[in-house]
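I have placed the structure first, in the form of structure tokens, so that the comments after it can refer back to it.
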Amino acid sequence: MRILVGITGGIAAYKSPQLVRLLRKAGHEVQCVATRHALQFVTPLTLETVSGRRLYADLFADGNDHTTEHISLKDWGEIMVVAPATANIIGKLAGGIADDALSALLLAFTGKPLYLAPAMNTQMWENPAVQRNLARLEADGVHIIPPASGSLACGTEGIGRMPEPEEIMEHLELKVENPTTQTNSQFPTTHSELPKVLVTAGPTYEKIDAVRFIGNYSSGKMGFALAEALAKKGFAVELVAGPTACRTTHPAIHRTDVESAREMYAAATALFPSCQAAILAAAVADYRPAQTADHKLKKQGDSGMTLELVQNPDILATLGQMKQKGQRLIGFALETDHEADNALAKLERKRLDYIILNSLRDEGSGFGVDTNRVTIFGSDGSRHTSPLLSKAEVAELIVARCLA
Ligand code: C5P
């Protein structure tokens, strides 16, 4: 079946790519249509990758036949589902307003099954205006997939959650005549179907003896912020973390804890082939002690002590060698002098698509602190310097610029 999936701007949009994957897995063709606000929550790259079709989001984009694309899509689609459907799109459809690609398509899509999966905060859901609009749409023959109760993104509990993609599938199947979908048991229920990004974060500890190590001041905050930002945009994340106090919250993040550079190397090289992209934010020790002692080394009289160090493998450079067509590789550079030149040399040497430079000269940037100012260099010659932002904001910027 040919299915149109509309996506609007709610936090539940992070579940939309999984719905698309499930529909494709069940043998359907899917065309995604997103609002501008939806793309704050999920990237065009994600939707195009999971659907295998160009995203339709802008009535006036280059390459669109401006006046008729929504008309040809309404003929193409056999059923349509909007998940999540915000109060805004519900109001627009009930009121007959068509001021962007999705609302124009919704108005044109008549005489065929149309489903809305509303998702919003409880007060908005219970607002008489929203309920009035829903009642009117139901009277017009639109199927409303009821929201579930539970914890909401705004921190409260109540009705308003978008049902899980598997449940939405069941709703579609129940009401569609001649369903060609398969049984629910065949649908994956994990995040394994989402496009995956590998992230490394935190420091590495290089063991000297039973109680001592060589480490660095990396807190892991930047890498963990990247993992959260990616998950919110609809990616599954393989997070490989050195020793850090940071915690993850998003269910689409799978975390592997490691201690040394060599352990991080083993985890990252094993995971990279199944990922679409890798962002290496870890502060990996360049050297480790040549020997490590199982016991605590004792002080030797009054004399000093020499530690012999050997080089660790360069994870980023190795992934650069492993990189296949279509995979993106993003590294960080923390430089104290000739920053831009060093970063650009690294971009080329390690075969990166982007390198994120943070300079230690900038107050508020670097280890431990919650803020950062970065310059993003692309292998295409692009260069973008951010203002001083929170690490969460920097993470969103990096995801938007490097993975869009
Ligand atoms: O060459 P340099 O250490 O400055 O490169 C920094 C970048 O390389 C970071 O993205 C860091 O995560 C990565 N790196 C790595 N493995 C190493 C050293 C650095 O992945 N052994």
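Worth pointing out:
- Close Cβ contacts (under 7 Å, 6 or more residues apart or on different chains) running from residues in region 245-271 that are over 18 Å from ILE315 (Cα atoms) to residues that are among the β-branched types (Val, Ile, Thr) and open to solvent by less than 30 Å² (accessible area, probe 1.4 Å) comprise ALA252/VAL237; ILE253/VAL237; HIS254/VAL237.
- For region 66-73, the criterion of a residue being within 17 Å of LEU55 (Cα to Cα) and either in contact with a Cys (Cβ under 6 Å, 6 or more places away or on another chain) or of a type in the set (A, V, I, L, M, F, W, C) (or both) is satisfied by at least one position.
- In the set LYS112, LYS74, only one residue is more than 28 Å from the chain's Cα centre (by Cα), on the phi < 0 side of the Ramachandran plot, of a type outside the set (Asp, Glu) and not in a helix (DSSP H, G or I); that residue is LYS112.
- In the set (1) open to solvent by 40 Å² or more (accessible area, probe 1.4 Å); (2) touching an Asp or Glu at 6+ places or on another chain (Cβ under 9 Å); (3) within 15 Å of ARG328 (Cα to Cα); (4) aliphatic (A, V, I, L, M), the condition left unmet by ALA400 is number (2).
- Where a residue in region 200-218 is of a type in the set (Gly, Ala, Ser) and its partner, wherever it lies, is part of a strand (DSSP E or B) and within 16 Å of the ligand (Cβ to nearest atom), with Cβ under 6 Å and at least six apart: ALA201/ALA241; GLY202/ALA241; GLY215/PRO203; SER218/PRO203; SER218/ALA283
- Matching residues, region 290-325, being surrounded by 18 or more Cβ atoms within 10 Å (Cβ to Cβ) and either over 30 Å from LEU230 (Cβ atoms) or of a type in the set (A, V, I, L, M, F, W, C) (or both): ILE315, LEU316, LEU319
- Of all the listed residues (ALA278, ALA293, ALA283), the sole one being away from the ligand (no atom under 16 Å from the Cβ) and among the aliphatic types (A, V, I, L, M) is ALA293.
- Any chance LEU152 is on the phi < 0 side of the Ramachandran plot, crowded, with 16+ Cβ neighbours inside 10 Å and more than 23 Å from the chain's Cα centre (by Cα): no
- Check on ALA83, small (Gly, Ala, Ser), without any contact (Cβ under 8 Å) to a residue 12 or more places away in the chain and not in a helix (DSSP H, G or I): no
- Qualifying residue in region 94-117 (condition: of a type in the set (Ser, Thr, Tyr) and open to solvent by 50 Å² or more (accessible area, probe 1.4 Å)): yes
The values are calculated or read from the model by the stated rules, or taken from the named source; none is laboratory data. What you see is a predicted model; the values in this text were computed from it and never measured. Glycine also receives a Cβ, built like all others from the backbone with ideal geometry; neighbour counts cover every protein chain displayed. Heavy atoms of the whole protein, side chains included, go into the accessibility calculation; ligands, DNA and RNA do not. Shrake-Rupley method; radii C 1.70, N 1.55, O 1.52, S 1.80 Å.
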